[in-house]
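Chemist: Starting off with a structure, shown below.
The values are calculated or read from the model by the stated rules, or taken from the named source; none is laboratory data. Treat the numbers as computed from the prediction; the structure is a model and nothing was measured. Don't worry about glycine lacking a Cβ; one is built from the backbone with ideal geometry, like all the others, and counts go over all protein chains shown. All accessible areas refer to the heavy atoms of the entire protein, side chains included, with ligands and DNA or RNA removed. Shrake-Rupley method; radii C 1.70, N 1.55, O 1.52, S 1.80 Å.
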Amino acid sequence: MKYLDIIKFSLKDLDEKISFEKVNLNKMKFAHAISHIENPMKIRHSRRLIAKLKTVKVIKFLNNDKEKH
């Protein structure tokens, strides 16, 4: 998912997407521990996507806080 797509999400959508991706990441880690998954790079991609989502969430939160003051 590209940054330009992520910044279009609302804070609520970001929270939902982050929780969904965390669950997905845990499932992939568990599957990889039991038997190696076909493409282990998906785990890295998922971790980085969660980081991007969290970063955009913080930026949006800080921008909303500045607008209130």
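Chemist: Once phi is turned into ³J(HN,Hα) by the Karplus curve 6.51 cos²θ - 1.76 cosθ + 1.60 with θ = phi - 60°, what whole-Hz value does each residue of the range 46-56 show in order, with x for glycine and proline?
Modeler: Coupling constants for the range 46-56: 5, 4, 5, 5, 4, 5, 4, 4, 5, 5, 5 Hz.
Chemist: Further question on the same structure: Match the structure shown to one of the listed values (i) 5.3; (ii) 4.0; (iii) 4.8 of mean projected area of the Cα convex hull in nm², computed from it, and give that label.
Modeler: (iii)
Chemist: Just to check I understand the Karplus step: with θ = phi - 60° and J = 6.51 cos²θ - 1.76 cosθ + 1.60, what whole-Hz values come out for the range 20-28, glycine and proline as x?
Modeler: Whole-Hz 3J(HN,Hα) from phi for the range 20-28: 4, 5, 5, 4, 4, 5, 4, 5, 5.
Chemist: Give me the 1.4 Å probe accessible area per residue for the chain, excluding ligands and nucleic acids, in Å².
Modeler: Value returned for the chain: 81 Å² of accessible area per residue.
Chemist: How large a share of the accessible area of the chain, in percent, is made up of carbon and sulfur atoms when the probe is 1.4 Å and the other protein chains stay in place?
Modeler: 58
Chemist: Here is a follow-up. How much FRET efficiency would the formula 1/(1 + (r/R0)^6) give for Tyr3 and Ile37, where r is the Cβ-Cβ distance and R0 is 22 Å, rounded to 0.05?
Modeler: Calculated transfer efficiency: 0.25.
Chemist: Shifting gears a bit: Residue by residue through the range 5-19, which ³J(HN,Hα) values in whole Hz follow from phi under the Karplus form 6.51 cos²θ - 1.76 cosθ + 1.60 (θ = phi - 60°), with glycine and proline marked x?
Modeler: Karplus values, whole Hz, x for Gly and Pro: 6, 5, 5, 7, 6, 7, 4, 5, 4, 4, 4, 5, 5, 5, 5.
Chemist: Please go through the range 1-47 and write out the trypsin sites (Lys or Arg not before Pro) that DSSP classes as loop and that have at most 13 other C-beta atoms within 10 Å.
Modeler: For trypsin sites (Lys or Arg not before Pro) across the range 1-47 that sit outside H, G, I, E and B with at most 13 neighbouring Cβ atoms in 10 Å, the list reads Lys2, Lys8.
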